[in-house]
Amino acid sequence: KGERFFEDKPVPEADIEDIDIEFVKAYIQKIGYSKTPIEFLKENKGFVKEKKGNIQVSSAAILLFGKNPQLYFPRARVRFIRYEGIEEKFGTEMNVIKDVVFEGNILKMINDSIAFLDTQIKEKTYLGKDGKFVTEEEYPKFVRQEIVVNAVTHRDYSIRGTDIQIKLFDNHMVVES
């Protein structure tokens, strides 16, 4: 329809003070970018633009490098919900036993969500055929990482209705993005 991508649109109330410059600095050091953090933001992906003497900060810049992206995108967060049993219940039968919210920039949400999810996974230990003990996780580490990364990176952040939700039941996991 000719509409610009959501990530490229400037956030009207945001300015350069909303960007965590130290985080950008650490990022550009990792990728081997030799200019300053401000130059990186201006020269790459249009994270920051100057228009008629005013600085415009894109949605992507806030989500990736913002000090507090939830000020501008309140539903840009991950919510982990652990249920007792195999189905979600409501009202007087509500069966939520853990409810944790993760906020921050996209990388922080991914890292914090994965680290917490790791603590919630069941492990089964048994004696293997070779006489050695074997420990198997309910969901392999790679699978846990992949579902969180996919949910956070492929999220349509223009949606303002709900958080990304990771729902863990006794016999399955559901991710809603």
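The values are calculated or read from the model by the stated rules, or taken from the named source; none is laboratory data. Quick caveat: nothing in here was measured; it's all calculated off a predicted structure. Every residue, glycine as well, gets a Cβ built from its backbone with ideal geometry; the counts of neighbours run over all protein chains shown. Remember, those area values only see protein heavy atoms, side chains included, never the ligands or the DNA or RNA. Shrake-Rupley method; radii C 1.70, N 1.55, O 1.52, S 1.80 Å.
Sort the stretch 1-97 into rounded, prolate or oblate with this rule: let a ≥ b ≥ c be the square roots of the eigenvalues of the Cα gyration tensor; rounded if a/c is under 1.5, and if a/c is not under 1.5, prolate when a/b is larger than b/c, oblate otherwise. It comes out prolate by the Cα gyration axes. In degrees between 0 and 90, to the nearest 10, how far off the longest principal axis of the chain does helix 141-153 point, with axes built from Cα atoms? Relative to the chain, helix 141-153 is tipped by roughly 30 degrees.
Would you please classify the overall shape of the stretch 57-177 from the alpha carbon gyration tensor, given that a ≥ b ≥ c denote the square roots of the eigenvalues, rounded means a/c under 1.5, and beyond that prolate means a/b larger than b/c while oblate covers the rest? Since a/c reaches 1.5 but b/c is at least a/b, the shape of the stretch 57-177 is classed as oblate. I want to verify a result. In a Gaussian network model of the chain, Cα cutoff 10 Å, which of these has the top mean-square fluctuation: Thr92, Thr162, Thr153? The residue with the greatest mean-square fluctuation here is Thr92. In loop segments of the stretch 82-121 as defined by DSSP, the GluC sites (Glu not before Pro) with at most 14 further C-beta atoms inside 10 Å of their C-beta are Glu84, Glu87, Glu88. Using only Cα atoms, locate the centre of the stretch 51-122 and the centre of the stretch 124-158, then give the distance between them in Å, rounded to an integer. So the two Cα centres are separated by 19 Å.
Quick one: net charge of Lys35's neighbours, Cβ under 10 Å, K/R +1, D/E -1?
-1
Calculate, for the stretch 68-135, the solvent-accessible area per residue in square angstrom, rolling a 1.4 angstrom probe over the heavy atoms of the protein chains.
On the way: 4350 Å² over 68 residues.
Spelled out: the 1.4 Å probe surface of the stretch 68-135, per residue, equals 64 Å².
Report the extension gain between Gln70 and Lys45 in nm, rounded to one decimal, defined as 0.36 nm multiplied by the number of residues separating them, less their alpha carbon distance. It would help to have the intermediate numbers written out before the result.
Numbers: separation 25, 0.36 × 25 = 9.00 nm, distance 2.13 nm.
This chain segment gains 6.9 nm when fully extended.
Computed from Cα positions, the angle between helix 21-31 and the longest principal axis of the chain comes to roughly 70 degrees. Once the C-beta distance of Phe133 and Lys167 is scaled by a Förster radius of 45 Å, the resulting FRET efficiency is 0.90 to the nearest 0.05. Measuring nothing but protein heavy atoms, the accessible surface of the chain at 1.4 Å probe radius is 52 percent carbon and sulfur.
List, in the order given, every pair from Lys25/Lys141; Lys25/Lys49; Lys45/Lys98; Lys25/Lys45 whose Cα-Cα distance in the structure shown is over 28 Å. The partial results should precede the final answer.
Details: Lys25/Lys141 30 Å; Lys25/Lys49 18 Å; Lys45/Lys98 38 Å; Lys25/Lys45 16 Å.
Beyond 28 Å: Lys25/Lys141; Lys45/Lys98.
Look at the alpha carbon pairs under 8 Å that are at least 6 residues apart: their mean separation over the length of the stretch 64-104 gives a relative contact order of 46 percent. Averaging the sequence gap over all C-alpha pairs within less than 8 Å and six or more residues apart, then dividing by the number of residues, gives the stretch 77-170 a relative contact order of 40 percent.
Report the calculated FRET efficiency for Val100 and Lys30 (r = Cβ-Cβ distance, R0 = 25 Å), to the nearest 0.05. Mind dumping the intermediate values first?
Values: r = 28 Å, r/R0 = 1.12.
The computed FRET efficiency comes out at 0.35.
Calculated from DSSP H runs of 4 or more alone, at -39500 (n - 2.57) each and per residue, what is the 222 nm mean residue ellipticity of the chain, nearest 500?
Details: 5 runs with 53 residues, N = 177.
Computed ellipticity for the chain at 222 nm equals -9000 deg cm²/dmol.
I want to verify a result. In a Gaussian network model of the chain, Cα cutoff 10 Å, which of these has the top mean-square fluctuation: Tyr157, Tyr83, Tyr126? Judging by the Gaussian network model, the answer is Tyr126. Highest mobility in the GNM of the chain, judged by mean-square fluctuation with C-alpha springs under 10 Å and restricted to Gln29, Gln165, Gln145, is found for Gln29. A simple count of charges around Val174, restricted to other residues whose Cβ falls under 10 Å of its Cβ and scoring Lys, Arg +1 and Asp, Glu -1, yields -1. Computed from Cα atoms, the angle from the helix 106-120 axis to the main principal axis of the chain rounds to 10 degrees.
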